[in-house]
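For reference, the structure discussed in these notes is given below.
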Amino acid sequence: MQNIYGRLLRRKFFNRLLLTYTLIILATIFIISSTILQNLRRSAEQDAANSVKQAVQSVHGEFAQKVNTVKLQIQNLYINPKQNEDMMELLADPSPKLEDEKLSKAMLVNYFLDASAATDDDIFDALLYKKATGQLFLRSKDLTLNLDDYNVHNDAMFRSLDDAFYGLSITPAYSQTYHFSTKRNIFSIVSNIRGDVKSDRFKKSVAVFALNFNADRIANRLQSWLVQYHNAEISVLTKDGYVIIDSTGASYGHKFPGFEQIAQSQVGASDRSRIVAAVVDDYLGYYVVGSLPLSQVAGSFERQHNTVLFVASACALAALLLGFISIRLFSRRIRIINHAISKIQNGDLTYRIRTAGTNDEISMIAANLNEMSARLTDYIDRVYLSELKLKDAELHALQLQMDPHFLYNTLEVIRLEASASGSDHVGYMIGTLARLFRSSIKGGMVVSVQEELAFCENYLELYSIRYAGALTIDFQIDPNILAYSMPRHLLQPIMENTLRHGVDYSKPDNLVTVSGYKSEEAVVIEIDDNGCGIDTDKLFEIRSKLNRTRLPSGDSIGIANVHQRIRLLFGDLYGVEIDSERNTGTKVRIRFPAITRKEMMELVQSFAG
């Protein structure tokens, strides 16, 4: 992936420009298309929500007719005085027996139940429950009601309709047995019957009138009818949230999911997945709830969705095609300029670009390039080459500052004189020092890390002899770095600074630790002492001196010299770092690349000329 990115984008400006242009066009079209689709979706959802509301209102009206059917039957019962009187006497009579005089009254009850059952095709049964005896007068229109099963479901409800209850009551749907095995989901709309009971005329409930409705039939009819309303799901609920009618048939016997939210809002409880609408009946308090999954709504605007996507894709393709052609034309002119730059880079300073016929920014670049190539040779002669010679002179000057020839010759004479006089100890010390200087003048500018460390050991040996018992030298060198190469005499100036300025020879426990290890692709050598340390201001001054790009004339050959030599040879990633705390000690860290002797020689010789 990285190679593909480098070949197609990182090195191709116009490809990046085309990519940016493409992204902008696609983002714009995406935003516009998303906005249109969002509006279409909202419009479709609003239409669906309106359809659900209409369906809810329609179902509420139809269910209200069921309630009115019961109301009318109760009204008819009281409107006919003769029928009312005879039926009320029978229903209020505490005797369960039906003697001859009561048979005609019982026939009136049956006629009333037959007429009530015939008022609506959705009615299964019409019943009168006589409270005084617990008798049940029944007329079933299509099936035979299992009275035992019916009493289990409704006995408690009949008892709850006491003298204080007025109006109607609706039961949730329940599974009722017919013909001893056939199951049907039904619900009942019931009312108290108040009769002429001596002094409590029409104040005491003597019976309960009930009409049983076929919930399954109503639900099946709703399913076919709701096609025109996006196949919304409609449920009729009691005021407690239990299902009376469910168009899906899935929630009978349970409390409607989310009823608490519907009851609080009384208008619906839409969420992210469904559209919900609800209406509450003012008289009986039952709910008609409609819901529609948003997944069903999506199909209603699928055609508009596809049309928008097609138009958006066509516009995006046309814009990209025009952009590609334009970019290619500009890219061709840039390639001509790039070819000219390659010619100049390879040394052909006579190459020129034709600029006739155009006068835009690219032509200005070409004209400036022609002018630049005309001046480039003069610039190289006067500035670039002189800078190279200046760097060579600086490097040689730094190296010449450390030439020890005259010191070695002088010390050799002193050593011979000391040996002739019998001062063997002094002669040994002078001989060690002479070896140091002999090592410094033989060979080239490059030594191995092992050779440089050996030179430092000889140097430190002199101090160990001079300050025996007060100075300890500890070498902790990773053997894996000994074969790497480094410029000569990088460590000796650092050692000298440490021994002269860092060590407090009045103390008996002076310790100098020389560590060497490899860190990533660099060799790191650290000289650490436990001496007096450096003040903060002085440390800041030393670090500032290290960061100068060029040593001032006559500057010392110490740490700054070493740092500048490393920077000149290897670049800004390498050099000398100093960390110090007063009365704690100083650590000097030298970093140079981990390369072989051959690689080091080639690098140093490129500066030596």
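Just so it is clear, none of the values below were taken in a lab; they were calculated from the coordinates. All values derive from a computational prediction rather than experimental measurement. Note that we place each Cβ from the backbone using ideal geometry, even for glycine, and neighbour counts take in every protein chain shown.
In Å and from the alpha-carbon atoms only, list the Rg and Dmax of the stretch 154-193.
12.3, 37
Expressed in nm to one decimal, what extension gain is obtained for the pair ALA132 and ARG335 from 0.36 nm per residue of sequence separation less their Cα-Cα distance?
Fully extending the segment from ALA132 to ARG335 adds 62.2 nm.
I need the calculated FRET efficiency for the pair ASN306 and THR355, taking r as the beta carbon distance and R₀ as 60 Å, to the nearest 0.05.
It comes to 0.70.
Work out, step by step, the length gained on full extension between GLU599 and GLU457: first 0.36 nm times the residue separation, then minus their alpha carbon distance; give nm to one decimal.
Full extension of this stretch gives 48.5 nm more.
Extending each Cα 7 Å along its Cβ direction at ARG42 and ARG500, get the distance between those two points in nm, one decimal.
The two pseudo-label positions are separated by 8.3 nm.
VAL206's amide H: which non-local residues (gap 5+, or another chain) put their own amide H closer than 5 Å, with H modeled 1.01 Å from N in plane and none for Pro or chain starts?
ILE193, ARG194, GLY195
Could you compute the FRET efficiency for TYR467 and ASP579, with r as their C-beta to C-beta distance and R0 at 25 Å, rounded to 0.05?
The calculated FRET efficiency here is 0.50.
Could you pull out the pairs from LYS71/LYS102; LYS66/LYS141; LYS130/LYS203; LYS130/LYS204 whose alpha carbons sit more than 18 Å apart here?
Those over the limit are LYS71/LYS102.
Roughly what would the spin-label model give for ILE344 and ALA156, points 7 Å off Cα along C-beta, in nm?
9.9
For the stretch 443-608, state what percent of all Cα-Cα pairs lands in each successive 10 Å bin, counting from 0 Å until the bin that includes the largest distance.
Spelled out bin by bin, the stretch 443-608 gives 10, 39, 36, 14, 1 percent.
Using a Förster distance of 60 Å, how high is the FRET efficiency between ALA374 and LEU317, based on the Cβ-Cβ distance and rounded to 0.05?
On the way: r = 46 Å, r/R0 = 0.77.
In this case the efficiency is close to 0.80.
Could you calculate the contour length gain from SER140 to ALA64, that is, 0.36 nm times the residue separation minus the distance between their Cα atoms, to one decimal place in nm?
25.1 nm
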